[in-house]
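The structure appears right after this line, and notes come after that.
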Amino acid sequence: SLDTAVEMLCTLRALLANLAPGKALLFPHLLLAAVALLHSSVVRVGELAMHILLQVLSQLDLTDPTVQQTLLALLPADEDDPGGDENAPTHNTTGPTSPSSDQGSAGSLGSGGSVRSAGAGALAAKLWPLGQGLFSGVRDVSEDLGPWMALPQLAVKALFRPETELLAVEVLASLARQVAQAPSAKQCRAAASGFPDGLLFSSLTLADSLLGEGATAGVSGLGSVLGDVEAGVAVTLGAVLPWLWVHLADEATADTAAALLEALSGACGAAGWGQLAAVVAALAGMAGLDAEPAALLAPLCEAVTAALFPTYARLVLGRLLEVVQRGSEQWQAAAVAVLQIIFEVPGLELGEASWLSRDARFISVLSSRVDSPLGPRVLELFQAMMRWQGATETDSSLEQQRSPRESLEWGQCMDDLGESNKLCIEGLSRVLEACPDTGRQLGLGLAGAPSSGNLLPFLQQ
């Protein structure tokens, strides 16, 4: 059955390669199916899903509200959402909300884990309506795998495997390019102002229900499909910093690194981080340059902390920590070096200063590397962390006056128990529910809930 699934996905890739430009909008379920398949624990299935996602993204402009509405229309309504939270916001009417505009929605944060509160589902619905529609209400799944805030989260785990590493970078770059081309609210208003009142009913007006106060029209509407734009960029930057450390100066990967950085520069600009966008753009021009990684990435790390911290500090640091825990020796060394640079940034803010000392997982993962070849670098990192902690405690008066925005946290991208397969099966089942003729042809009996056990039998749950 796995061979059959792989053959079907390969055939689909070939069909998409010959699809006429502009026709991809007629098959919106392909993008949703690719998103669902990214959760698969089977490397080959995830690899093909990323290829399909890249092909669809190359033909669809996700900043177009018509495309956004077409994709959201395929999601189950709340009353039909199997296992979903009946109190969660409706997918098709609630746009993404930045954590800075809705403090307290994240609930309490556990050490080294995800959001641990009854409001986690509501938070995910606000940040990523499409993800909520595909994956909400799946039972017996560790909360450390979520909350799902943005689509880039699903591509991060592919960075840990050599066979999918470059493909994951391409996917993250493609998603960043979609963010980069999002129109501003001013552009949308200018387009609408050329029509008399009452005569305009275009793709621009379809996004009205997705726009939040103070948010740009393009970025807000795009967030309904890709998830929280800022969180997605933060996850991407945290995940690729070790990769850039290893590959930025390598001529073999210089073009890939430059393309990724150019896309991220545009995404940072769309998110409103102008200084960070300028630093990333400058770094793109240095790809392939024979220089020490520390010299190349130190300005980037400083710009990242200035723009993203403290709100997204735990997202960035969590990705680096997971590389230390699960990456190859080369990647572990890169992650430790990047962490040291971050903790040496003058005036570094992590929000509540004491959370780091209470995070047992953060300290234990680093401590476990003291007896390894990384030991000297880890000890240097601990010294940098202690200097930062001491400087923060010395300036305790300012810390008490500061009111940081609610920070977001994501436990892990790697799934040791295969629980992500449940998300893969449930998400793909919901896509098939939106295409009942396909479901009947596959014999899945979609009159009620699909028989997901027959859908992907090669996945261990």
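The values are calculated or read from the model by the stated rules, or taken from the named source; none is laboratory data. Model, not experiment: these values are computed from the prediction. Using ideal geometry, Cβ is built from the backbone for each residue, glycine included, and neighbour counts are taken over all protein chains shown. With ligands, DNA and RNA removed, areas are computed over all heavy atoms of the protein, side chains included. Shrake-Rupley method; radii C 1.70, N 1.55, O 1.52, S 1.80 Å.
The distance between label points at residue 25 and residue 275 comes to 4.0 nm (points 7 Å beyond Cα on the Cα→Cβ vector).
Summing charges over neighbours of residue 171, with a neighbour being any other residue whose Cβ is under 15 Å away from its Cβ, gives 0 when K and R count +1 and D and E count -1.
For segment 248-362, the carbon plus sulfur part of the accessible surface works out to 51%, probe radius 1.4 Å. Working from label points 7 Å from Cα in the Cα-to-Cβ sense, the residue 61 to residue 163 distance is 3.8 nm. Ordered from largest to smallest accessible area (heavy atoms of protein chains, 1.4 Å probe), the residues 177, 361 come out as 177, 361. With the whole protein complex present, residue 301 retains an accessible surface near 0 Å², based on a 1.4 Å probe. A convex hull fitted to the Cα coordinates of segment 222-324 yields 96 cubic angstrom per residue. Taking all protein chains as they are arranged and a probe of 1.4 Å, the heavy atoms of residue 142 leave approximately 40 Å² accessible to solvent. With 0.36 nm allotted per residue and the present C-alpha distance subtracted, the residue 370-residue 330 stretch has 12.8 nm of extension available. Rounded to 0.05, the FRET efficiency of the residue 383 and residue 3 pair, given R0 = 41 Å and the Cβ-Cβ distance, is 0.20. Per-residue SASA remark: residue 138, around 40 Å² accessible (1.4 Å probe; ligands, DNA and RNA not included).
Want the number for residue 139 to residue 14: 0.36 nm per residue separation, take away the alpha-carbon distance, what's left? Don't skip to the end; give the middle numbers.
Numbers: separation 125, 0.36 × 125 = 45.00 nm, distance 3.52 nm.
Full extension from residue 139 to residue 14 adds 41.5 nm.
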